[in-house]
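The values are calculated or read from the model by the stated rules, or taken from the named source; none is laboratory data. What you see is a predicted model; the values in this text were computed from it and never measured. Using ideal geometry, Cβ is built from the backbone for each residue, glycine included, and neighbour counts are taken over all protein chains shown. Accessible surface areas use protein heavy atoms only, side chains included; no ligands, DNA or RNA. Shrake-Rupley method; radii C 1.70, N 1.55, O 1.52, S 1.80 Å.
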Amino acid sequence: MSPRSASVNEELRRRSRERLLHATVELVAERGYEATTLGDIADRAGAARGLVSYYFPGKRQLLQSAVHRRMHLTLAVALEREPLPTGEDAGRERLARAIDAILGLARDEPRLMRTHMAGILQAEGFVQCAEQQRLAELLRDTVARYGSTDVDVDYPLLRALLMGAVVAVLLPGAPMPAARLRAELFQRYGLDWELGVPPDGGPPGGTSPSHPQPPGVEGVSGTRADSAR
């Protein structure tokens, strides 16, 4: 039997890693972080237990990579959903879909996302992994298509606003309604409420994305949100 080629070995490693990431998301969503062991993850993925430490230095890093992968896949599906936006409003529709996709994860998978956000604030901080880089590329491209003239400034700002909104949705004891946070983000970026996947009903509390921005508030570098239409 001839040995496997390097490309076949690489594909097998990729699949093993992705099974571990998928199993991590499933188990943490079901049981919580503390109740999930690396052995549990390996068993769920059908992988040898030593393989987990081969790919990841620890459980916290594994979880961050797993959630970033889930966020990347969710965002990719949202951005590629038919019908694809075209014309001058395509960038605004794309940004609306991105906001709705991230807020949707906070709504649909609260335990997973709450654990993820808490982990980012730990001593290890923010893990720069391949999954996070793929997520960043999608968000950077979204900001560019929206009309940013300085993506290096506007992408981190969008990321920070989305992270803040997720934390606000998940804050124990004092959660903010996702619809209210959506309305505020849409207002900041000059997005019509009907873009993306709007929740039932109109903007909450009279907040309307169509209202003009206060003086000095900008959606992307050098461009007021309400003039980006």
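Where is the GNM fluctuation largest for the chain (alpha-carbon springs, 10 angstrom cutoff): Pro199, Pro156, Pro57?
Ranking Pro199, Pro156, Pro57 by mean-square fluctuation puts Pro57 first.
So between Ala35 and Val197, what do we pick up on full extension, going 0.36 nm a residue minus the alpha carbon distance?
Details: separation 162, 0.36 × 162 = 58.32 nm, distance 3.43 nm.
Fully extending the segment from Ala35 to Val197 adds 54.9 nm.
Within region 36-64, list the residues whose amide N lies under 18 Å from a label point set 7 Å along Cα→Cβ of Ala118.
Answer for region 36-64: 36-38, 59-64.
Using a/c under 1.5 as the rounded threshold, could you call region 1-134 rounded, prolate or oblate? The axes a ≥ b ≥ c are square roots of the C-alpha gyration tensor eigenvalues, and prolate needs a/b larger than b/c, oblate otherwise.
Working: a/c = 2.32, a/b = 1.35, b/c = 1.71.
Oblate, since a/c reaches 1.5 and b/c is not below a/b.
Using only DSSP helix segments of four residues or longer, with each worth -39500 (n - 2.57), what per-residue ellipticity at 222 nm results for the chain after dividing by its residue count and rounding to 500?
-20000 deg cm²/dmol, from helical runs alone.
Show Ser7, Ser16 ordered by accessible area, largest first, where the area counts protein heavy atoms only and the probe is 1.4 Å.
On the way: Ser7 85, Ser16 20 Å².
Correct descending sequence by accessible area is Ser7, Ser16.
Just subtract the alpha-carbon distance of Asp141 and Arg49 from 0.36 nm times their residue separation and send over the number in nm, one decimal. The partial results should precede the final answer.
On the way: separation 92, 0.36 × 92 = 33.12 nm, distance 3.71 nm.
Between Asp141 and Arg49, full extension yields 29.4 nm more.
Say each of Leu84 and Val153 gets a label point 7 Å from the Cα, pointing the same way as Cα to Cβ; how far apart are those two points in nm?
Calculated label separation equals 3.1 nm.
Quick one: Cα centre-to-centre distance for region 69-111 and region 149-187, in angstrom?
Region 69-111 and region 149-187 have Cα centres spaced 14 Å from each other.
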